[in-house]
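Below: one structure, written as structure tokens.
The values are calculated or read from the model by the stated rules, or taken from the named source; none is laboratory data. This is a predicted model, so every value here is computed, not measured. For neighbour counting, all protein chains shown are included, and Cβ atoms are generated from backbone atoms with ideal geometry for every residue, glycine included. These area figures cover heavy atoms from the full protein model, side chains too; ligands, DNA and RNA do not enter into them. Shrake-Rupley method; radii C 1.70, N 1.55, O 1.52, S 1.80 Å.
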Amino acid sequence: YSGVAYLCHDALCGISNQTLNSGLNTIATWLAANPNEVLTVFIEDYLPATVLQQELAAVPALAGLIFNPRTQGVQTQGWPKVSAMVTQNKRLLIFSDKPGREDFGVMFGQDWTVENHWSMGSPTGTSDWTCNTR
């Protein structure tokens, strides 16, 4: 992190040079134009928590849209239907691969998601496309 947060994949920031702020504004605009949709964002997170919090706060249109499963009672009541999320206008779920962001609505992915094992294989062309049970 060097003062401006960018959307990158690994260290490939030079491809688009899109700032996180620009990306978050795109999300806010898309959600405003698509009021019946729910969006899930997974962040490969290299930012200090305070910086991510500031970036989210800089796009006030997102604050009211964030669905926080911890404060919405998902642990005791289960996940709501998408239609309920749309009705409540809580249509943005944000997950990070780092803990410590829950206070501002970014959930630690390992606490809320389950992933199947998969492998692209090595060398190329030896991909394992089986879907092993959890």
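Annotations
- VAL86-TRP30 pseudo-label distance in nm [points 7 Å out on the Cα-to-Cβ vector]: 1.7
- Restricting the range 1-106 to GluC sites (Glu not before Pro) in coil, as DSSP defines it, with at most 14 other Cβ within 10 Å: GLU37, GLU44
- Protein accessible area in the range 30-96, 1.4 Å probe - carbon and sulfur %: 56
- Efficiency of FRET between GLU44 and THR126 - r from beta-carbon atoms, R0 22 angstrom, step 0.05: 0.30
- From largest to smallest, the equivalent ellipsoid semi-axes obtained for the range 75-118 from the alpha-carbon gyration tensor read 21, 15, 10 Å.
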